[in-house]
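The structure appears right after this line, and notes come after that.
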Amino acid sequence: MIEPELPEWGDPRPLFIFDHVCVLCSGGVSFIMKHDSAGKIAFTPAQGPLGQRLCAHFGIDWNATYVFIRNGRAFTKSDGYFEVARTLGGWWRLTLVFRIIPRPVRDWAYDMIARNRYRWFGRTAEACQLLTPDQRARLI
């Protein structure tokens, strides 16, 4: 169901909201951007005004998960990655077969990594430091 009060971000593409100081998160965004040559997905940092406004709207703690917004719905954790694959299309849709793994198991693994992401992968001193200048230009 599309929520009518969804804050506008001025871009019709699905939106990926991520922790911009997390090395793992920024690396994931860089990976998605490299494989999204058609530019189907927009990106914004969770710590920015748009990311904070959208996370608050959906009642999502951005520090616990990234957020992928598509067709007015927010997807998080493992379901969000499946929606990213669906959006990218092509061979990426083959990853949807992993939905056979029960969501509690998938999300348990996601939560464990999310809780330890700074310890295991580190933080950057500068926001979006791992993104190239061209990739940073894709942020809204």
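The values are calculated or read from the model by the stated rules, or taken from the named source; none is laboratory data. No experiment lies behind these values; they were computed from the predicted model shown. Cβ coordinates were reconstructed from backbone atoms using ideal geometry, including for glycine residues, and neighbour counts include every protein chain displayed. Quick note on the areas: whole protein, heavy atoms, side chains included, nothing else; ligands and nucleic acids left out. Shrake-Rupley method; radii C 1.70, N 1.55, O 1.52, S 1.80 Å.
When you look at Gly89, is it open to solvent by less than 40 Å² (accessible area, probe 1.4 Å) and either out of contact with any helix residue (DSSP H, G or I) (no Cβ under 9 Å at 6 or more places or on another chain) or farther than 16 Å from Pro14 by Cβ (or both), yes or no?
The answer is yes for Gly89.
Write out, first by first residue and then by second, each pair whose Cβ atoms fall under 9 Å of each other, whose residues are 6+ apart or on separate chains, and whose first residue, in segment 16-38, is among the aromatic types (Phe, Trp, Tyr) while the second is part of a loop (DSSP other than H, G, I, E, B).
Listed pairs, sorted by first residue: Phe16/Ile41; Phe16/Tyr66; Phe18/Ala46; Phe18/Trp62; Phe18/Tyr66.
Give the residues of segment 81-107 that are aliphatic (A, V, I, L, M) and either touching a residue at least 40 places away in the same chain (Cβ under 8 Å) or more than 14 Å from Ile41 (Cα to Cα) (or both), sorted by residue number. If you could, list the steps in order and put the result at the bottom.
Taking segment 81-107 first, the residues aliphatic (A, V, I, L, M) are 84-85, 88, 94, 96-97, 100-101, 105.
Selection gives Val84, Leu88, Leu94, Leu96, Val97, Ile100, Ile101, Val105.
Taking Thr95 as meeting all but one of (1) closer than 14 Å to Cys25 by Cα; (2) open to solvent by 30 Å² or more (accessible area, probe 1.4 Å); (3) of a type in the set (S, T, N, Q), write down the number of the exception.
(1)
Against the condition buried (at least 18 other Cβ atoms within 10 Å of the Cβ), without any contact (Cβ under 8 Å) to a residue 60 or more places away in the chain and under 19 Å from Gly51 (Cβ atoms), how does Ala114 come out, does it pass?
On the way: buried (at least 18 other Cβ atoms within 10 Å of the Cβ): yes; without any contact (Cβ under 8 Å) to a residue 60 or more places away in the chain: yes; under 19 Å from Gly51 (Cβ atoms): yes.
Yes, satisfied.
How about segment 44-92: which of its residues are aliphatic (A, V, I, L, M), within 16 Å of Leu6 (Cα to Cα) and over 12 Å from the mean Cα position of the chain (by Cα)?
Leu50, Leu54, Ala56, Ile60 - these are the residues of segment 44-92 that are aliphatic (A, V, I, L, M), within 16 Å of Leu6 (Cα to Cα) and over 12 Å from the mean Cα position of the chain (by Cα).
Residue by residue through segment 8-43, note down the ones that are over 20 Å from Arg117 (Cβ atoms) and either buried (at least 16 other Cβ atoms within 10 Å of the Cβ) or within 11 Å of the chain's Cα centre (by Cα) (or both).
Trp9, Arg13, Pro14, Leu15, Asp36, Ile41, Ala42
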